[in-house]
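Undergrad: My structure is below; once you've seen it, I'll send some questions.
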Amino acid sequence: MSYLYIVIISILIVSALMAVLLANSKTSINFHLVDNKLTILHPFKKEVINLDTELNSWNYQKINTLWRGKFYSINLKLNSGKWTKVYSRSRSGNMEMLINYLETTAVDKES
């Protein structure tokens, strides 16, 4: 019976640590762009960024990994000094809309 309690407590501790790690994530693959507002959905929170006023600089990267293939990443530096990263496996869809928006409206902020 005591082993059962130890296993249950261990599972609860590991679950709590995973919840903390997921809550403090600075990356996301689920995002939506509506007008000038970028909504990034994290596992336990939603972040809304006004790209006209809050964006300090941005850059676009193509990442080649050995095991997982290609990733496309947009790194956004906000005026508060915080970095936010958005990933996608393909450049089409939401990623293409965000890249086009940033290339047309925030050309001077590209780094």
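Undergrad: Quick check on this structure: which one of Val107, Val20 is over 17 Å from the mean Cα position of the chain (by Cα), of a type outside the set (Gly, Ala, Ser) and loosely packed, with under 11 Cβ neighbours inside 10 Å? Show your work before the answer.
TA: Numbers: Val20 fails: over 17 Å from the mean Cα position of the chain (by Cα).
Being over 17 Å from the mean Cα position of the chain (by Cα), of a type outside the set (Gly, Ala, Ser) and loosely packed, with under 11 Cβ neighbours inside 10 Å holds for just one of Val107, Val20, which is Val107.
Undergrad: Among the strands (runs of 3 or more DSSP E) contained in the range 1-103, which hold 3 or more residues that are among the hydrophobic types (A, V, I, L, M, F, W, C)? Break it down stepwise before answering.
TA: Working: elements: 30-34, 37-41, 46-50, 55-65, 69-78, 83-88.
Fully inside the range 1-103 and qualifying: 30-34, 37-41, 55-65, 69-78.
Rule-based calculations on the coordinates, nothing more; no lab input. Just so we're clear, the structure is a prediction, and the values are computed from it rather than from any experiment. Reconstructed Cβ throughout: ideal geometry from the backbone, glycine too, with neighbour counts over all protein chains shown.
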